[in-house]
Amino acid sequence: DMISLQSEVLELRANPEGPARGIVIEASSKAGKGATASIIVQTGTLKVGDPFICGPYSGKVKLLLDDRGGNVTEAGPSMPIEVLGFTGVPKVGDELVVMDNERAVKKLSEERLATIRQEKLSKPANVRLQDIFADVGSVKKTLKVILKGDVQGSIEAIEGSLNDIKSEKIEIEIIHSAAGPVSESDVLLGSASDAIIIGFGVKVENKALQAGKREGVEIRLYSIIYELIDQVRDAMVGMLDTLTREKLLGRAEVKQIFKIKRGRVGGCIVMEGKVNAKARARVIRDGQAVYDGGFQTLRRFQDEVPEVKTGLECGIRLGNYLEYEPGDIIECYELEKVEQSL
């Protein structure tokens, strides 16, 4: 009601005469129809048979469908209409302009498509030494995605949701997105760029299925956007390497050195925690680590034991290390793996 009131007060009018101009509000590729787009006509009257340019794609109006799916022969200003006859799927927001000369339409489309191809094939900037130094130490990984959706609106919504997943360790790169089924060319692009293919509300062509198995490209199809986002986030977490960190178990101090037939053993007392024979250990002397390795033996008197707790004495022999000195600190630790988060 407010829109109607404002249009009356502002005296908003459109000229129904002359070549039509309109804005794409939705676009898709449908089986049996090809590339189609929902258009709001802004000025002029769009008729069946009109040649037009829309973004980089040309076309000729083959069929006009109203909001109820019925055929109409023309559409005037402010009328929503579905247009068939595009040579490719336009983007939401592209302007459709009717032109009188069909040859001029095709020529303009070829020029725009050539410009887009040239931008994609343009050479990257020359590598500079400072750029190399800036990248040294960068361990940020990239999840490359090819996105196919039923309509352009769905694709834009998914792209926005994926770009909202923020992480300092991994990023998402959408290398290609378009409306329509997953095709063989999508699979070949995924193979060349090491990307996964995500389809929302679409099917996979038979040739694409065969190419996917042959090229080893993963294709995932979804019908619920939240499930798609959650699984992409899980895939990003799965790409992160597992961190390994030390967990200190205990410390022992070497009090006396004992000579045995096969070398020397450190006579120790456990100062804190516990010493575990299955863990790793390092010898600390004057604040510096002089040895790091595993246990060969851990004994209490004459008996070999699995662990020794705080306040107890024990004999420790680490690997083939023989250079124990009184006052050395033996740190016992274990390595544990920790899953990273975004």
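When residues of region 143-160 are filtered for being open to solvent by 20 Å² or more (accessible area, probe 1.4 Å) and either within 13 Å of M236 (Cβ to Cβ) or within 10 Å of the chain's Cα centre (by Cα) (or both), how many remain?
1
Look at region 287-310 and say how many of its residues are open to solvent by 50 Å² or more (accessible area, probe 1.4 Å) and assigned to a loop (DSSP other than H, G, I, E, B).
Final tally of qualifying residues: 5.
Look at G273 and say whether it is without any contact (Cβ under 8 Å) to a residue 12 or more places away in the chain and open to solvent by less than 70 Å² (accessible area, probe 1.4 Å).
no
Among the residues of region 188-203, what is the count of those that are open to solvent by less than 30 Å² (accessible area, probe 1.4 Å), modelled with pLDDT under 90 and within 21 Å of E156 (Cα to Cα)?
3
Of L248, L221, which residue is modelled with pLDDT of 90 or more and over 30 Å from R299 (Cβ atoms)?
It is L221.
Tell me, which residue of region 162-197 that is in contact (Cβ under 8 Å) with a residue 60 or more places away in the chain and in a loop (DSSP other than H, G, I, E, B) is nearest to K213 (Cα to Cα)?
It comes out as P181.
Inspect all residues belonging to region 221-238 and state whether any of them is open to solvent by less than 80 Å² (accessible area, probe 1.4 Å), part of a loop (DSSP other than H, G, I, E, B) and in contact (Cβ under 8 Å) with a residue 24 or more places away in the chain.
no
Working carefully through the options S28, S4, find the one that is among the polar types (S, T, N, Q) and either within 30 Å of S177 (Cβ to Cβ) or open to solvent by less than 50 Å² (accessible area, probe 1.4 Å) (or both).
S28
Looking only at region 65-84, count how many residues are in a strand (DSSP E or B) and either open to solvent by less than 40 Å² (accessible area, probe 1.4 Å) or in contact with a Pro (Cβ under 8 Å, 6 or more places away or on another chain) (or both).
7
Do the conditions hold for E253, that is, is it among the acidic types (D, E), touching a Cys at 6+ places or on another chain (Cβ under 9 Å) and either surrounded by 15 or more Cβ atoms within 10 Å (Cβ to Cβ) or farther than 24 Å from G160 by Cβ (or both)?
For E253, the condition - among the acidic types (D, E), touching a Cys at 6+ places or on another chain (Cβ under 9 Å) and either surrounded by 15 or more Cβ atoms within 10 Å (Cβ to Cβ) or farther than 24 Å from G160 by Cβ (or both) - is met.
Which of the residues that make up region 85-106 are farther than 20 Å from S154 by Cα, open to solvent by 70 Å² or more (accessible area, probe 1.4 Å) and not hydroxyl-bearing (S, T, Y)?
D100, N101, E102, R103, K106
Exactly one of (1) surrounded by 15 or more Cβ atoms within 10 Å (Cβ to Cβ); (2) in a helix (DSSP H, G or I); (3) at pLDDT 85 or above is unmet by R214. Its number?
R214 satisfies every listed condition except (1).
The values are calculated or read from the model by the stated rules, or taken from the named source; none is laboratory data. Predicted model only: the values in this text are computed from it and were never measured. When we count neighbours, we look across all protein chains shown, and the Cβ atoms used for this are built from the backbone with ideal geometry, even at glycine. These accessible areas exclude ligands, DNA and RNA; they are computed on the full protein's heavy atoms, side chains included. Shrake-Rupley method; radii C 1.70, N 1.55, O 1.52, S 1.80 Å.
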